[in-house]
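Heads up, the thing below is written out as structure tokens.
The values are calculated or read from the model by the stated rules, or taken from the named source; none is laboratory data. Not measured: the values here are computed from a predicted model. Glycine gets a Cβ as well: all are built from the backbone with ideal geometry, and neighbour counts include every protein chain shown. Each accessible area value is taken on the protein alone, full model and side chains, heavy atoms only, with ligands, DNA and RNA left out. Shrake-Rupley method; radii C 1.70, N 1.55, O 1.52, S 1.80 Å.
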Amino acid sequence: MSLFQPSTKAASAVVSEIADTVGASGDSEMLTRSLRSLNAAVEHFNNRSNWNFSLTEQAPITVFAPFSVTGLTASGGAYWVDAPAGHGVKPYDFIGGNYFAMGTRVSSTAVSGFNIFGTVTGLVGTATGSASFTRDMYDLPSNFKAMYSVRTLNNNTTLRQANRRFYDRSVSNEQTTTTPAGYDLFMVGGLGKLRLLPPPASSDTLQVRYYRRMYIPTATGDSTTLDIPQDYEPYLIAWAKWHFLTDKGDGRLEQGKTWYTLGEQGLTMMVKEQNRKPDEDLMMIPGQFNYGNLNDSTTRMIPWEYGY
């Protein structure tokens with residue numbers, strides 16, 4: 001599959017082409033229905049594979065070291081904590097302090113303070129003091145679909161995806177800060193965030209590479225080009241034409257079947273022709289060829305003498 005020849009067809013032109021299968025490219029209602037069919041086709045193709053043409057890289061993410069905020073005022077049993085302007089706290093930071101249960105996180109923020117999940121505990125009346133904050137969750141892009149790799153650049157470390165259930169059943173402490181060794185996608189569905197495990201003890205930079213979702217046109221006049229390699233345009237459009245004719249339901253089923261066959265056969269071919277990157281091949285890499293870094297195949301730590 002070519003990664004370097006993107007489509008040159010505007011979505012608006014494809015919408016007209018689909019509507020023209022029934023000679024209605026000038027009909028606004030048919031164009032609207034055509035757009036729905038095109039979007040259905042994009043979603044169908046998007047869900048069939050993590051396409052290599054959708055590989056992309058997120059802008060570098062700044063990882064924050066734990067920080068303290070002074071001048072906090074809290075009352076026992078309250079959800080709200082007063083804080084000075086410019087406090088720097090963000091939602092889902094977790095708090096360390098005398099009056100906060102372990103693992104307490106910030107739920108929302110404002111200029112003058114923040115809300116927490118749970119309440120201020122162990123405090124009678126009101127007190128003013130400081131607390132520490134750790135940021136272990138970071139936003140993923142809105143078009144994120146599946147992870148390719150995560151690295152911390154200052155530590156020059158590749159992070160492994162944590163097995164959430166295994167991690168939960170281990171004795172690892174999620175509040176003790178150190179150098180992150182893995183990442184967790186448990187909160188992607190709910191929050192769109194990636195969590196570092198263990199939480200970072202120092203500042204760093206995250207490099208995230210991922211598979212994005214295919215772009216879905218937003219209007220019949222959308223000038224954005226079709227989000228698929230040029231060689232495979234006909235299959236996506238054919239599937240959209242089948243959907244359009246079937247949805248219209250005016251007795252063009254045979255015509256629709258032809259487009260469906262072309263679309264599905266083309267999609268099957270796309271999956272078979274999907275080029276995998278050489279580094280995704282299953283193989284053993286001898287430790288001496290790992291550029292000096294420790295990884296799953298390194299031999300650096302093996303005691304070759306075996307005690308002899």
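Enumerate the pairs (first residue in region 75-93 and farther than 11 Å from residue 108 by Cα; second residue anywhere and among the polar types (S, T, N, Q) and part of a loop (DSSP other than H, G, I, E, B)) with beta-carbon separation below 6 Å, excluding pairs fewer than 6 apart on the same chain, so at least 6 apart or on different chains.
Within 6 Å, the pairs are 77/119.
Look at region 227-252 and say how many of its residues are aliphatic (A, V, I, L, M) and under 29 Å from the mean Cα position of the chain (by Cα).
Start the filter on region 227-252 by keeping residues that are aliphatic (A, V, I, L, M), which leaves 228, 236-238, 240, 245.
From what is left, the residues that are under 29 Å from the mean Cα position of the chain (by Cα) are 228, 236-237, 240.
Total satisfying the criteria: 4.
Would you mind stating whether residue 69 is in a strand (DSSP E or B) and touching a residue at least 12 places away in the same chain (Cβ under 8 Å)?
Details: in a strand (DSSP E or B): yes; touching a residue at least 12 places away in the same chain (Cβ under 8 Å): yes.
Taking the combined requirement at face value, the residue satisfies it.
Can you name the residue in region 236-254 that is assigned to a helix (DSSP H, G or I) and without any contact (Cβ under 8 Å) to a residue 60 or more places away in the chain and is also least open to solvent (accessible area, probe 1.4 Å) among such residues?
From region 236-254, those assigned to a helix (DSSP H, G or I) are 236-248, 253-254; that's our starting set.
Remaining after also requiring without any contact (Cβ under 8 Å) to a residue 60 or more places away in the chain: 238, 242, 246, 253-254.
On the way: 238: 1, 242: 64, 246: 64, 253: 108, 254: 127 Å².
Filtering region 236-254 for residues that are assigned to a helix (DSSP H, G or I) and without any contact (Cβ under 8 Å) to a residue 60 or more places away in the chain, the one least open to solvent (accessible area, probe 1.4 Å) comes out as 238.
Give the residue, chosen from 176, 128, that is assigned to a loop (DSSP other than H, G, I, E, B), of a type in the set (Val, Ile, Thr) and surrounded by fewer than 16 Cβ atoms within 10 Å (Cβ to Cβ). Step through it out loud before you land on a result.
Details: 128 fails: assigned to a loop (DSSP other than H, G, I, E, B).
After applying the criteria, what remains is 176.
Any chance region 208-222 includes a residue that's open to solvent by less than 70 Å² (accessible area, probe 1.4 Å), small (Gly, Ala, Ser) and under 21 Å from residue 50 (Cβ atoms)?
Within region 208-222, the first condition is being open to solvent by less than 70 Å² (accessible area, probe 1.4 Å), and the residues that meet it are 208, 210-212, 214, 216-217, 219-222.
Imposing the further condition that a residue be small (Gly, Ala, Ser) reduces the set to 219, 221.
Still in the running and under 21 Å from residue 50 (Cβ atoms): none.
No, that holds for no residue.
Go over the candidates 167, 148 one by one and state the one that is within 25 Å of residue 56 (Cα to Cα) and either modelled with pLDDT under 95 or open to solvent by 60 Å² or more (accessible area, probe 1.4 Å) (or both).
Values: 167 fails: within 25 Å of residue 56 (Cα to Cα).
Only one candidate passes the filter, namely 148.
Output the residues belonging to region 255-274 that are of a type in the set (S, T, N, Q), open to solvent by 70 Å² or more (accessible area, probe 1.4 Å) and within 17 Å of residue 229 (Cβ to Cβ). Reasoning before the result, please.
Looking only at region 255-274, we keep the residues that are of a type in the set (S, T, N, Q), and these are 255, 258, 261, 265, 268, 274.
Retained after the next criterion (residues that are open to solvent by 70 Å² or more (accessible area, probe 1.4 Å)): 258, 265.
Correct list: 265 only.
Can you name the condition, by its number, that residue 215 falls short on among (1) closer than 30 Å to residue 20 by Cα; (2) not in a loop (DSSP other than H, G, I, E, B)?
Tallying (1) closer than 30 Å to residue 20 by Cα; (2) not in a loop (DSSP other than H, G, I, E, B), residue 215 fails exactly one: (2).
Take the residues in region 275-291 that are open to solvent by 70 Å² or more (accessible area, probe 1.4 Å) and of a type in the set (Asp, Glu), then tell me which one is modelled with the lowest pLDDT.
279
Condition test on residue 92, is it surrounded by 16 or more Cβ atoms within 10 Å (Cβ to Cβ), in a loop (DSSP other than H, G, I, E, B) and over 31 Å from the mean Cα position of the chain (by Cα)?
Details: surrounded by 16 or more Cβ atoms within 10 Å (Cβ to Cβ): yes; in a loop (DSSP other than H, G, I, E, B): yes; over 31 Å from the mean Cα position of the chain (by Cα): no.
For residue 92, the condition - surrounded by 16 or more Cβ atoms within 10 Å (Cβ to Cβ), in a loop (DSSP other than H, G, I, E, B) and over 31 Å from the mean Cα position of the chain (by Cα) - is not met.
Residue check, residue 227 against (1) part of a loop (DSSP other than H, G, I, E, B); (2) charged (D, E, K, R); (3) surrounded by fewer than 16 Cβ atoms within 10 Å (Cβ to Cβ), all met but one. Which one?
(3)
Within region 102-109, is there a residue that is surrounded by fewer than 18 Cβ atoms within 10 Å (Cβ to Cβ) and assigned to a loop (DSSP other than H, G, I, E, B)?
yes
Starting from region 52-64, keep only residues that are open to solvent by 50 Å² or more (accessible area, probe 1.4 Å), then list their pairs with residues that are part of a loop (DSSP other than H, G, I, E, B) whose Cβ atoms are within a distance under 6 Å, requiring at least 6 positions of separation or different chains.
Hits for this filter: 64/135.
Can you name the condition, by its number, that residue 142 falls short on among (1) without any contact (Cβ under 8 Å) to a residue 40 or more places away in the chain; (2) open to solvent by 60 Å² or more (accessible area, probe 1.4 Å)?
(1)
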